[in-house]
Structure formats: structure tokens, C-alpha cells
């Protein structure tokens with residue numbers, strides 16, 4: 001279902017802004033999940049802004065504990081309030097376990113996402129949520145596609161979606177295809193409101209497998225992504241898919257990650273592109289410090305790609321992060337921002353740590369890391385963040401699936417936080 005009466009500017013452009021130099025960073029928990037039955041718990045992945053500054057995301061919990069899509073609205077006194085836009089049903093027909101990756105908007109204000117489980121065949125769905133048209137007050141969910149338990153289809157989409165100018169959706173599944181190693185798919189809208197799925201690529205191991213992150217789309221229609229495993233050394237890949245005419249697509253492996261200890265491995269997020277066409281991403285493991293890496297891929301004039309490690313995290317170092325996760329974000333000054341799921345301050349009570357938010361700044365002598373926030377498992381702060389977004393003023397927003405006021409060792413919780421710097 002498509003709503004033509006509501007037009008909301010898509011806030012994906014919030015990903016790149018200028019940030020002025022600041023001497024410090026200050027974190028604030030905006031919202032604590034949990035604490036009440038049937039509420040959202042354990043949010044994960046990147047949040048999404050609308051044009052009015054409201055935040056959207058996915059979480060666990062809900063009426064049937066099958067997951068939710070939520071909205072956070074800033075109220076009087078700066079208090080944020082949650083509205084559950086959709087609570088997935090326990091029968092799984094409308095999907096179950098929404099992806100931790102970001103939702104996306106279309107120009108009419110409809111939201112799109114994926115569920116890893118549920119659907120008609122219990123191997124995942126692509127769904128649309130349409131805002132209410134007055135006098136209605138409830139958002140409406142429509143399952144656009146149910147994945148099939150067949151080698152001719154993908155199964156279990158774990159990542160979010162991207163949309164091109166024609167309204168086509170692109171995503172990945174971690175399993176399925178004739179090699180059972182995952183797929184890249186396209187959903188194209190039809191004039192009658194239905195959608196047609198096409199498999200653009202089936203992974204076969206040597207070119208990667210287990211694609212778990214959201215794709216990136218350039219202006220020429222090329223798709224870029226990562227696989228968490230597979231490739232020449234079975235440590236993961238960065239790949240490009242390009243339309244080659246007649247509905248066909250061709251895949252190029254831009255980089256295969258190498259063995260321990262010389263390289264990062266197991267890319268745990270997708271890639272982002274800068275204005276020059278360079279790609280940036282993270283690996284959860286490896287690098288000289290063995291705590292994961294931030295890397296850059298650049299294309300030369302002859303079309304070949306080369307990889308450079310910008311930063312290597314130190315494993316279980318009290319002053320550094322460990323195991324970076326999620327997509328990076330890039331500001332217009334060329335600074336990169338990201339999260340680590342582990343790494344800790346002296347007061348973190350979890351092993352191997354609570355995680356951090358970091359900045360990487362390019363300098364003439366190389367990239368310099370600055371820790372903007374070190375999470376603390378203290379009943380107030382969240383921990384294990386994954387994914388960030390930027391607002392127009394350069395403030396960072398993210399979520400944690402654990403910790404917060406209501407989250408602990410036995411009770412699920414989580415937070416949405418803001419970092420001003």
C-alpha cells in the first residue's frame with residue numbers, strides 16, 4: 001500500500017555533515033527500552049531520521065515478542081516518547097525478528113525493512129509500513145515479498161534495504177541460492193501494487209558468502225557490499241555488482257581479506273562511499289592489534305582497487321575499542337565515526353567490554369583515533385552499540401541492545417543515545 005498524501009523528505013542525507021572542532025564529547029541517554037510488558041526491547045543497528053527529527057528503528061519485544069518497528073518523538077522538556085508503529089505477530093505471517101539494519105523511507109513517507117524470520121515460509125520477508133491517512137491513526141503493514149525455501153531463492157535477509165530513483169529495492173540474504181551461500185536480490189514495484197523479485201547474484205564461496213550488511217548504491221546504479229566470510233582466504237570480501245544489460249548483473253570481488261595476522265578479517269558492516277568513490281568499512285577481527293580494523297578501498301586509473309588499513313584496534317585494551325561493528329558514517333570534513341561492540345573503560349563490568357564510539361580524523365601523518373564515549377554497564381548507560389547517524393548539527397545518535405535503566409543480566413533493555421561533540 002502506498003500513501004500519496006504524505007510527503008516526507010528522506011533523511012538519508014543526514015549521513016554527511018560538517019562538524020566543527022570540539023574539545024570534548026558528551027553522551028546522553030535519550031530513551032530506555034524495556035520496563036513495561038509488550039514494549040520494545042534490545043534495539044540494534046542504525047536509526048533513521050525523518051524530516052522533523054523523529055527517530056525510527058527496529059527492536060525485539062512487542063505484543064508477541066516477535067519484534068517491533070518503533071518511532072521516538074522528542075516531547076516537551078526534551079523527553080523522548082516511543083510509539084510502536086508495528087508489532088510483529090507470533091504466528092510469523094507478517095514476518096518475525098526485524099533486521100537490525102536501518103529502515104529506509106520513500107518520498108511518500110512509507111518505511112521499508114526486512115525480517116530475518118517469519119513470512120509464509122518462515123525464511124524471512126520484505127515489508128512496507130505506510131503512515132495513517134486521517135481519520136485513521138494506525139500505520140499499515142504490507143508484506144511485499146515472502147522468501148521461498150528453494151535453491152532458486154534467497155533465505156533470511158539479515159540486512160536492510162536500499163532504494164534507487166525508480167523505487168526498486170535491493171538487499172541481501174545470508175542463505176539461499178544454488179550455492180546456499182547467500183544472494184543479492186531486487187524487488188521491483190508493479191503498476192498493480194505487487195512486487196517482482198529477481199536474484200541478481202548467488203554467492204558460491206570463492207566470491208564470498210554470508211552477506212550480512214546493507215548495500216551501498218552509486219549514481220550509476222552499481223551496488224557495493226561485503227560478505228562476512230568466503231573469498232580467496234575465506235575471511236570475507238568486498239564486492240561490486242554492476243548492471244550489464246538485458247537484466248543481467250556482473251560481480252567483481254574488489255578485495256578478499258587475508259589471513260591472520262597481517263590483515264583485518266570478517267567485515268562486520270557494509271561499506272560507505274565518499275565523493276571521490278573511495279569505500280570505507282570495518283572488520284570485526286584482525287589487524288596488527290587483533291581487535292579489528294577500519295579500512296579504505298580506492299580505485300586507480302586502470303580500474304584496479306587497493307586496500308589500506310586506516311586504523312587497527314588493540315584487543316582488550318582499556319583505552320581503545322575492540323570489534324568494530326556496523327556501518328561507518330562520514331562528515332563533509334572527511335572524518336569517520338563508528339562504534340565498537342567491545343572494549344571497555346575501567347568501570348565496565350562485562351567481558352570483553354561495553355564498547356565505544358570513536359572518531360577517525362585524517363592528518364598529514366595518518367589517521368588519528370579519538371574515543372568520543374566509552375560505555376559503562378552501570379544501570380544507566382547502554383552497552384555494545386552498533387551503528388551511528390548524524391544530525392544537521394553534527395551530533396551522533398545510536399542505539400545499544402543492552403544496558404540502560406531497565407536492562408541487566410536477566411532483563412532485556414537497551415537505549416537510544418546522543419553524543420554532542
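Values in this text are rule-based calculations from the coordinates and carry no lab data. Since this is a predicted model, take the numbers as computed values, not measurements. Cβ placement follows ideal geometry from the backbone for every residue including glycine, while neighbour counts extend to all protein chains displayed.
Brief remarks follow.
- The convex hull drawn around the Cα atoms of region 235-296, when projected onto a plane and averaged over every direction, covers 4.8 nm².
- Cα gyration tensor shape of region 373-421, rounded if a/c is under 1.5, else prolate or oblate by comparing a/b with b/c: prolate
- Between region 31-103 and region 365-421, the alpha-carbon center distance in angstrom: 17 Å
- Ascending count of other beta-carbon atoms within 10 Å, so fewest first, for 372, 36: 36, 372
- The chain - percent relative contact order, Cα under 8 Å, separation 6 or more: 14 percent
- In region 89-180, the alpha-carbon atoms span a convex hull of 95 Å³ per residue.
- Stretched out straight at 0.36 nm per residue, the stretch from residue 242 to residue 365 would grow longer than its current Cα-Cα span by 40.7 nm.
- Region 313-408: C-alpha gyration tensor shape, a/c 1.5 cut-off, then a/b vs b/c: oblate
- Three-way shape label, region 114-225, alpha-carbon gyration tensor, a/c 1.5: prolate
- Approximate spin-label separation residue 302-residue 262, in nm, with each point projected 7 Å along Cα-to-Cβ: 2.0 nm
- For the chain, the alpha carbon positions stretch 57, 55, 38 Å along the principal axes, listed from largest to smallest.
- Most mobile of 331, 94, 207 in a GNM of the chain (Cα contacts under 10 Å): 331
- At R0 = 35 Å, FRET efficiency that the Cβ-Cβ distance of residue 148 and residue 274 yields, to 0.05: 0.40
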